[in-house]
Amino acid sequence: MRLRLLRGGDRGQVSIEFLGMAPLIVLTLVLMWQCVLVGYAYTLAGNAADEGVRAGTAAPPGERFGACQQAALKHLSGAWRGGARVDRCDGTGYVTADVSIKVPVLFPGSIDFPVTVHGHAGAVEEAKR
């Protein structure tokens with residue numbers, strides 16, 4: 001009888017170990033997803049700045065900021081657009097644009113971190129014929 005208890009004494013051990021590791025696994029996945037969101041925010045900010053500066057170089061100097069801002073925000077989805085802002089779109093000869101996007105916590109459109117990522121782009125102004 002004693003031999004039988006020793007053989008089956010570790011039954012269920014894998015289940016117990018998995019339950020102990022489950023919170024660590026979930027936390028690791030959440031942190032990895034948050035890192036993906038930070039990287040994606042940088043990509044979106046850079047793309048929005050590129051689109052904004054492209055529109056800004058084609059617009060007349062008086063309408064440059066409006067065209068830049070509209071083009072930059074046009075390419076962001078609604079969840080990302082809420083925390084985005086175009087800080088600057090100016091220059092003579094060489095136009096630059098700065099776009100700032102807030103990094104969301106886990107899901108875009110929910111709570112935002114107090115961290116903002118910045119995208120910067122520049123292009124040579126188009127010649128008028």
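Side notes on the structure shown:
- Condition check for Gly83: farther than 21 Å from Ala123 by Cα and out of contact with any helix residue (DSSP H, G or I) (no Cβ under 6 Å at 6 or more places or on another chain): yes
- Some residue of the range 79-101 being under 13 Å from the mean Cα position of the chain (by Cα), modelled with pLDDT under 80 and exposed (fewer than 14 other Cβ atoms within 10 Å of the Cβ): yes
- Counted residues, the range 103-126 - those being in a loop (DSSP other than H, G, I, E, B), surrounded by 15 or more Cβ atoms within 10 Å (Cβ to Cβ) and either touching a His at 6+ places or on another chain (Cβ under 7 Å) or among the charged types (D, E, K, R) (or both): 1
- Boolean, Asp87 is acidic (Asp, Glu) and under 23 Å from Met32 (Cα atoms): no
- Cβ-Cβ under 8 Å pairs, at least 6 apart or on other chains, the range 65-81 side more than 18 Å from Thr116 (Cβ to Cβ), far side of a type in the set (Asp, Glu) and not in a helix (DSSP H, G or I): Phe65/Asp90
- Filtered residues of the range 88-119 (kept if in contact (Cβ under 8 Å) with a residue 24 or more places away in the chain and within 20 Å of Glu63 (Cα to Cα)): Cys89, Asp90, Gly91, Thr92, Gly93, Tyr94, Val95, Thr96, Ala97, Asp98, Val99
- Looking only at residues of the range 8-45 that are of a type in the set (S, T, N, Q) and either surrounded by 10 or more Cβ atoms within 10 Å (Cβ to Cβ) or within 32 Å of the chain's Cα centre (by Cα) (or both), we find that the one that is modelled with the lowest pLDDT is Gln34.
- Val53 being part of a strand (DSSP E or B) and touching a strand residue (DSSP E or B) at 6+ places or on another chain (Cβ under 9 Å): no
- Tally, over the range 13-50, of residues that are of a type in the set (Val, Ile, Thr), out of contact with any strand residue (DSSP E or B) (no Cβ under 9 Å at 6 or more places or on another chain) and either farther than 19 Å from Ala79 by Cβ or in contact (Cβ under 8 Å) with a residue 24 or more places away in the chain (or both): 6
The values are calculated or read from the model by the stated rules, or taken from the named source; none is laboratory data. What you are looking at is a predicted structure, and each value in this text was computed from that prediction instead of being measured. Note that each Cβ is placed from the backbone with ideal geometry, even for glycine, and that neighbours are counted across all protein chains shown.
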